[in-house]
């Protein structure tokens, strides 16, 4: 059963000569960064959601999060907890647009362009109508 909420510990740090903050998830062996602490945290939340979503899609086991106090940190590092609400990630990933190539008669294409038709929107509306979906 898929969980709705995950919370994983991460290590955030910034070296004196670096411009960005790094965020590392030891349990998942993935990392990201941000221009400041807030940006790094948001990037970490996004990464956490995408990694867990990928594991769900691939039917891989999602590791149990380590206890935050068990993480080994170095100089200029500290630990944080990063949470992610998976229903919003799953919905966003399932709603991503895909490119399709369509073939039209040249006259119909020219007429649609002359009327400033949005091809993507028109195709979506027509497909929804044909498939009887909202």
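Roughly how many nanometres apart are two label points built 7 Å out from the Cα toward the Cβ at residue 7 and residue 81? Here the answer is 0.2 nm between the modelled labels. Treating each Cα of the chain as one equal point scatterer and applying the Debye formula with no solvent, the log10 of I(q)/I(0) at q = 0.10, 0.11, 0.14 Å⁻¹ comes out as -0.53, -0.60, -0.75.
With a simple spin-label model that places each label point 7 Å from the Cα along the Cα-to-Cβ direction, the separation between residue 64 and residue 106 comes to 6.8 nm. The angle separating the long axis of helix 119-131 from the principal Cα axis of greatest extent in the chain is about 80 degrees.
Based on the Cβ-Cβ distance from residue 117 to residue 95, what FRET efficiency comes out when R0 is 25 Å, to the nearest 0.05? Step by step, r from the Cβ atoms, then E = 0.65. Estimated from helical segments only, the mean residue ellipticity of the chain at 222 nm is -12500 deg cm²/dmol, where each DSSP H run of four or more residues counts as -39500 (n - 2.57). Relative to the longest principal axis of the Cα atoms of the chain, helix 37-57 runs at roughly 70 degrees.
Quick check on the exposure proxy: order 22, 114, 66 from fewest to most C-beta atoms within 10 angstrom.
Final ranking by Cβ density, sparse to dense: 114, 66, 22.
With just the Cα atoms defining each centre, how far is region 91-128 from region 29-89? Give it in Å. Region 91-128 and region 29-89 have Cα centres separated by 37 Å.
The numbers here are math on the coordinates, done by the rules we state, and not lab data. All figures in this text were calculated on a predicted structure; none of them were measured in a lab. Every residue, glycine as well, gets a Cβ built from its backbone with ideal geometry; the counts of neighbours run over all protein chains shown.
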